[in-house]
Amino acid sequence: MVIGIIMLKVLPGQEKRIYMTLKSKEGVLDIHHIFGEYDFFLILRAEGLIKLNQTIENLREIHDVMVARTILISWDKNMQELNPLKPLASRYRRPSSGT
């Protein structure tokens, strides 16, 4: 599983419509309306990088999305202790099936 973050800048005045569109998109776990250079901060989850890239491309194709900035979060077991977003990983990771 891959977790990604994408920040979107949208055409002014279209935030509410785009928010409603984002809510229905597969792979979008959380949507935050933010203030500043970008309008939305999204947390995405996909089964792999190919699926994550497809999700990102679908978001970029939404009418009135002007800019999309993507950040990939890698959850390498050897680096988890150094990762300041470690609590975020546990929030979005699927529950273990006991294996």
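Entry remark, region 1-36: residues being without any contact (Cβ under 8 Å) to a residue 60 or more places away in the chain and of a type in the set (Val, Ile, Thr) number 6 in total. Assess whether Ile73 counts as being modelled with pLDDT under 95, loosely packed, with under 14 Cβ neighbours inside 10 Å and either hydrophobic (A, V, I, L, M, F, W, C) or touching a helix residue (DSSP H, G or I) at 6+ places or on another chain (Cβ under 9 Å) (or both). No. The set of residues in region 5-54 being in a loop (DSSP other than H, G, I, E, B), exposed (fewer than 11 other Cβ atoms within 10 Å of the Cβ) and more than 14 Å from the chain's Cα centre (by Cα) consists of Pro12, Gly13, Phe35, Gly36, Glu37.
The values are calculated or read from the model by the stated rules, or taken from the named source; none is laboratory data. For clarity, every value in this text was computed on a predicted model and none was experimentally measured. Neighbour counts run over all protein chains shown; Cβ positions are idealised from the backbone, glycine included.
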